[in-house]
């Protein structure tokens with residue numbers, strides 16, 4: 001029988017079954033809130049459970065509140081379809097969602113587990129999607145966990161609140177919080193999902209004491225932040241970061257609560273003539289998204305994480321510097337050409353003169369030092385250095401700073417990579433963009449065939465197989481190596497800061513670009529007044 005349609009969207013597919021079914025059917029699992037029923041993937045080697053609520057719907061008075069426990073249910077949740085993706089602004093063109101559309105009721109997760117996994121036996125990998133904290137979803141086909149699950153791991157993906165719903169701050173929110181905190185609801189959602197996994201994953205075949213967080217872009221920033229948060233760090237056994245870390249770059253990654261409160265309250269007053277949270281909670285989700293997406297002067301804030309004093313008692317760099325982060329193995333890196341296309345495909349050519357002038361504008365008296373590590377003696381060299389710099393400024397440097405911080409105080413092995421194989425080109429990324437930002441995702445998940453209008457080459461499949469082996473080896477034992485793979489040394493001074501270059505063939509080499517990052521560190525590592 002169907003239960004009441006007044007239940008949250010995520011629970012609308014509940015049916016009643018007898019309790020004896022759970023003892024005999026591997027597709028029926030008990031969680032701490034009720035039973036769920038999944039399905040087999042096409043080859044019957046993996047079980048998939050989708051759309052499981054890990055928190056209450058954050059609607060009404062729960063909008064802009066930390067995630068609350070999901071309600072218990074008395075039947076079985078038919079967990080065969082993804083939950084709704086979270087409301088968001090301007091998803092990237094290559095983001096396609098395999099769900100029923102946007103909703104505030106979006107706090108669900110998905111699990112892929114080998115069909116014959118014994119309870120509590122396998123490593124668990126929990127994925128945070130990217131999208132700049134303003135877009136993305138766990139239902140994207142490139143995040144399909146079934147292929148990694150074939151490698152004897154349990155895969156979890158999840159949605160978390162985004163943009164104005166996930167990171168809005170206001171003095172009223174801090175006033176009603178027992179922690180005097182506001183914002184970071186998306187990060188708190190991730191923490192709640194991680195706690196749900198810790199409590200429930202045993203029945204799905206996962207070992208709650210062997211959880212690896214992994215994510216890309218904003219998801220990678222999130223992994224570094226979850227390692228720093230006192231709410232999460234004790235639940236994480238290993239971490240993988242793909243292009244991004246919550247460390248100082250040319251700007252502050254996570255500003256102070258005081259700064260965001262001022263900006264967000266001013267936005268709410270201008271956009272809605274609303275000065276209280278009570279009034280803002282009455283505004284429809286569609287109207288909030290419309291205002292947050294508006295092209296106005298001044299533009300709406302870029303809603304993202306803040307240093308709230310609760311989830312993050314200090315900035316992420318300060319927490320790592322003090323050695324108060326999770327002391328766990330870390331594997332992290334970035335792609336060789338992250339946003340190089342901003343230079344190579346720009347209608348305005350880069351020359352020695354333009355690059356040198358920009359260096360002087362950006363770095364003043366330090367411009368000669370900058371040009372020593374980003375040389376521009378010819379126009380061709382200027383184009384190369386400009387592409388290197390925009391990618392470093394965008395995301396590579398912050399990832400480097402995270403790796404360095406964990407080497408200094410993490411008391412555990414660290415592994416660094418650079419993803420080098422140039423992409424074959426697809427509907428959204430023309431050939432010639434190199435190893436672009438987000439290029440690695442389909443290689444990691446084994447979902448290359450989800451790329452639209454792409455001709456997948458043998459070398460793409462070879463590298464995807466290698467990367468999947470490295471990632472799952474690391475999740476299993478904190479070391480990516482196995483006898484059939486090129487050796488991946490740890491990242492530390494004693495190994496000449498070895499970097500694994502992921503390509504065909506893959507090869508570890510000493511870091512020859514270290515001076516670049518040391519220079520940027522000398523300029524960007526100090527907190528900016530805010």
* Identify the single condition in (1) more than 26 Å from residue 206 (Cβ to Cβ); (2) in a loop (DSSP other than H, G, I, E, B); (3) in contact with a strand residue (DSSP E or B) (Cβ under 8 Å, 6 or more places away or on another chain) that residue 165 does not satisfy, given that it satisfies every other one. => (2)
* Structure fact -> Being in a strand (DSSP E or B) and either under 17 Å from residue 305 (Cα atoms) or at pLDDT 95 or above (or both) narrows 231, 213 down to just 213
* **Filtered residues of the stretch 457-496 (kept if closer than 20 Å to residue 114 by Cβ and either surrounded by 21 or more Cβ atoms within 10 Å (Cβ to Cβ) or modelled with pLDDT under 95 (or both))** => 464, 467, 470, 471, 472, 474, 475
* Asked: On the given criteria, is residue 343 in the same structural domain as residue 490 (by TED's automatic domain parsing), part of a helix (DSSP H, G or I), more than 20 Å from the chain's Cα centre (by Cα) and crowded, with 16+ Cβ neighbours inside 10 Å?
  -> yes
* Could you run through the stretch 15-49 and say how many residues are outside any loop (DSSP other than H, G, I, E, B) and at pLDDT 50 or above? => 15
* Structure fact -> In the stretch 445-499, residues that are within 17 Å of residue 426 (Cβ to Cβ) and not in a helix (DSSP H, G or I) total 9
* To do: Take the stretch 168-191 and flag every residue that is under 13 Å from residue 64 (Cβ atoms) and not in a helix (DSSP H, G or I).
  => 168, 169, 170, 177, 181, 182, 183, 184
* What about residue 431, is it farther than 19 Å from residue 143 by Cβ, outside the structural domain of residue 122 (by TED's automatic domain parsing), in a loop (DSSP other than H, G, I, E, B) and out of contact with any strand residue (DSSP E or B) (no Cβ under 7 Å at 6 or more places or on another chain)? -> yes
* Selection within the stretch 390-412 - touching a strand residue (DSSP E or B) at 6+ places or on another chain (Cβ under 8 Å) and assigned to a loop (DSSP other than H, G, I, E, B) -> 410, 412
* Structure fact -> Taking the stretch 66-87 and the residues there that are assigned to a loop (DSSP other than H, G, I, E, B) and under 21 Å from the mean Cα position of the chain (by Cα), the one that is nearest to residue 278 (Cα to Cα) would be 66
* Asked: Is there a residue in the stretch 346-353 that is surrounded by fewer than 22 Cβ atoms within 10 Å (Cβ to Cβ), more than 22 Å from the chain's Cα centre (by Cα), modelled with pLDDT of 95 or more and not in a loop (DSSP other than H, G, I, E, B)?
  -> yes
* To do: Considering each of 288, 331, 312 in turn, give the residue that is at negative phi and part of a strand (DSSP E or B).
  => 331
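The values are calculated or read from the model by the stated rules, or taken from the named source; none is laboratory data. The structure presented is a predicted model; accordingly, all values stated were derived computationally and were not measured. We place every Cβ from the backbone using ideal geometry, glycine too, and count neighbours over all the protein chains shown.
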